[in-house]
1. Please find, within segment 103-130, the residue that is farthest from V158 (Cα to Cα) out of those that are over 19 Å from the mean Cα position of the chain (by Cα) and among the β-branched types (V, I, T).
2. Just to check your reading of the model, which residue among L100, L33, L57 is of a type in the set (A, V, I, L, M) and within 16 Å of the ligand (Cβ to nearest atom)?
3. I'd like the full set of residues that are more than 21 Å from R66 (Cβ to Cβ) and either acidic (D, E) or touching a residue at least 12 places away in the same chain (Cβ under 8 Å) (or both), limited to segment 225-242.
4. Would you say R220 is surrounded by fewer than 23 Cβ atoms within 10 Å (Cβ to Cβ) and farther than 23 Å from A177 by Cβ?
5. Among V96, V124, V81, which is the only one that is aliphatic (A, V, I, L, M), under 25 Å from P61 (Cα atoms) and either outside any strand (DSSP E or B) or at pLDDT below 95 (or both)?
6. For segment 189-242, which residues satisfy the criterion of being more than 16 Å from the ligand (Cβ to nearest atom) and among the small types (G, A, S)?
7. Could you say which residue among N341, N307 is part of a strand (DSSP E or B), touching a residue at least 60 places away in the same chain (Cβ under 8 Å) and more than 17 Å from M404 (Cβ to Cβ)?
8. Run down D142, D185 and say which single residue is open to solvent by 10 Å² or more (accessible area, probe 1.4 Å), charged (D, E, K, R), modelled with pLDDT under 95 and more than 14 Å from the ligand (Cβ to nearest atom).
Amino acid sequence: MSDADASAAPTAPDENPQVRRVSDWDADRLRDLAAEHETPLYVQDIDRVRENCERLLAAFPDADVRYAVKAHTGRAVLEAVRDAGLDAECASAGEVDRALAAGFDGSRLHYTAVNPPARDLDYVAGVAAAEPDLTVTVGAVDTLDRLAERGYDGRVCVRVNPGVGAGHHEKVTTGGAAKFGIPYDRAADAARDAAERFDVVGIHAHAGSGIDPEQLDSHRELVARMGDLARELADPDGGAAPVDLDYVDVGGGFGVPYEEDAPPLDLPAVAEATREAVAPLPDGTDLAVEPGRYVVADAGVLLTRVNTVKPTPDETVVGVDAGMTDLLRPAMYDAYHPIRNLGGGRDRDGGDAPPVAEREATPVTVAGPICETGDTLGTNRALADPRRGDLLAVGIAGAYGYEMASQYNSRPRPAEVALDDGTATVVRRREALDDLTTVEREAARGRADRTEGGR
Ligand SMILES: *Cc1c(COP(=O)(O)O)cnc(C)c1O
């Protein structure tokens, strides 16, 4: 946290609201960006990322705040988060590589190894040789052995399965799933054993994603258990050697309100509840949190163009040029994303459609171009009566949006622009059809080269 820009003036509360809704975005700006860069297009506002970092740091002034990089790995985001003073929590070698490139040094890098592939461990052990302050968070004793085999004897954090989970969908609830972490009852012994071979600096638990006002109790329970474990390690019953921790990391999962009428998370209240539940921490042990979604979600929208309007007896199906390959969350998690019609389309007779403010709200399903029933961005939505050519903004799309994009159905991935101090920059170019076959063509070229070499 030493690189924090202390000179950055805190933003007044009304200039830094708890959430930016899709209705808060400047419609003209979004229409201009779509006209210039075409659709589907992600827009990520780096200024809003900074505001979210500021609110987190203000709510957790004495904690280590780490950004869970997987929510959005774009370089501009990582650099803004680094400048704000957050550390980076990385889930793979690829994310460590990105974080290093964005200027995080080892002391601000946390690699969370979940069943880590050998290639990832090789890479991270190599990085650690040059950046010995890097920390590896480990959720299985096998992983410790595999690190030792690679000559790693540095900083280790023990990931604990606390046996309680929070989360808005079972697929993002990790706290209770056996895949993640060492079972709570064995964690103290595992940490003490690890301390004989490594520098054990922390314990960690991540309950899952989507801590919201209704799930505060299970969050509090997880945090309390982690406090108990830290105290047990510092002051063990019966003869064991104490383990002094630098930190207790209680994970991320801070929710954002996807529904238009859902209240924003009361972050200061969550922070207060967290501090209370974990206390008293042993001297020298700090609290750490690692939000991903909260940092980036409401800083992003996905712009998509209406290409088909199909009335059916039950509903109107609005076909758009973005689908589950651009934004997977609705198909994968039944996730709700707010959708706003920004207009600009044409009537059947070819004339300009009326401004959206003059159109009637119509129940529609917004469907993408993929041959899958689940390929919808929203069902039963009341949108200002959509016309062909209208631009839609899909809100709260900055977390796990571009990151989960794929080329399924041979659809090139969308472009992304970053807004920074008002200036728009293309940070991910739109993929072309050629990009779909790059690895095939390179493999074919490799085969041809080998055949020639063999002659
Ligand atoms: C995904 C993840 C996070 C961040 O979760 P959010 O819901 O985006 O805040 C934090 N820690 C770990 C270990 C994760 O896997």
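The values are calculated or read from the model by the stated rules, or taken from the named source; none is laboratory data. Because the structure is a prediction, the values reported are computed rather than measured. With ideal geometry, Cβ positions are generated from the backbone for all residues, glycine too; neighbour counts draw on all protein chains shown. Side chains included, ligands, DNA and RNA excluded: accessible areas come from the protein's heavy atoms. Shrake-Rupley method; radii C 1.70, N 1.55, O 1.52, S 1.80 Å.
1. Ranking the qualifying residues of segment 103-130, first place goes to V127.
2. Numbers: L100 fails: within 16 Å of the ligand (Cβ to nearest atom); L33 fails: within 16 Å of the ligand (Cβ to nearest atom).
From the options L100, L33, L57, the qualifying one is L57.
3. Taking segment 225-242 first, the residues more than 21 Å from R66 (Cβ to Cβ) are 228, 231-232, 234-242.
Selection gives D228, R231, E232, A234, D235, P236, D237, A240, A241.
4. Details: surrounded by fewer than 23 Cβ atoms within 10 Å (Cβ to Cβ): yes; farther than 23 Å from A177 by Cβ: no.
No.
5. Details: V96 fails: under 25 Å from P61 (Cα atoms); V124 fails: under 25 Å from P61 (Cα atoms).
Going through V96, V124, V81 in turn, the sole match is V81.
6. Hits for segment 189-242 are A190, A191, A194, A195, A224, G227, A230, A234, G238, G239, A240, A241.
7. Numbers: N341 fails: touching a residue at least 60 places away in the same chain (Cβ under 8 Å).
Exactly one of N341, N307 is part of a strand (DSSP E or B), touching a residue at least 60 places away in the same chain (Cβ under 8 Å) and more than 17 Å from M404 (Cβ to Cβ), namely N307.
8. Details: D142 fails: modelled with pLDDT under 95.
Exactly one of D142, D185 is open to solvent by 10 Å² or more (accessible area, probe 1.4 Å), charged (D, E, K, R), modelled with pLDDT under 95 and more than 14 Å from the ligand (Cβ to nearest atom), namely D185.
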